[in-house]
Amino acid sequence: MRVTFVHADGKGRTEAQANPGDVLLDVAQAHLMPLEGTCEGQMACSTCHVIVARDDFDRLPPASEEEEDMLDLAAGARRTSRLSCQIVLTEDLDGLTVHIPAESRNMQGPR
Ligand code: FES
């Protein structure tokens, strides 16, 4: 199955091959996406935050309350933000597109 990462500059794209059962964060890191994932999936850091393409968001199982709480703290979080460490890929998610958030210090800059 395929996952597309849109880079933080909004232009570059990385197409990744993944398998059902893979965690999205691991796939992103294996393809050198700049997601730190500091807490390794413990929902304690939000550095694995990604913004899911609007069309794909409803295909994902809803976020848990703990995940929502962490997302409230994530820099640049949007309505379709998720923690990539909480997304386990399934066949249904083939073709998923997620955006790597721009770093917080760049949020005010020209786009
Ligand atoms: S890796 Fe820390 S919240 Fe996902």
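Throughout, read-outs are computed from the coordinates displayed, never taken from laboratory work. It should be emphasised that the depicted structure is a prediction, and the values quoted were computed from it without experimental measurement. Positions of Cβ are backbone-derived with ideal geometry, glycine not excepted, and every protein chain shown enters the neighbour counts.
Things worth noting here:
- Nitroxide proxy distance, nm - points 7 Å out along Cα→Cβ at ARG54 and ARG13: 1.8
- Note on the range 2-99: dipole from Cβ charges, positive end direction compared against LEU60, VAL98, SER46; the farthest Cα belongs to VAL98.
- Within the chain, percent of DSSP bridges classed antiparallel, to nearest 5: 75
- Computed extension length for GLN42-ARG79: 11.2 nm, one decimal, from 0.36 nm per residue of separation with the Cα-Cα distance subtracted.
- Percent of alpha-carbon pairs separated by more than 20 Å within the chain: 33
- Sorted peptide list for 7-16, 73-82, criterion being average Cβ within 10 angstrom, highest first: 73-82, 7-16
- In the chain, the DSSP-assigned H stretches of four residues or longer account for a calculated mean residue ellipticity at 222 nm of -3500 deg cm²/dmol, using -39500 (n - 2.57) per stretch and the full residue count as denominator.
- Where labels lie 7 Å past Cα in the beta-carbon direction, separation of HIS31 and ARG2 in nm: 1.0
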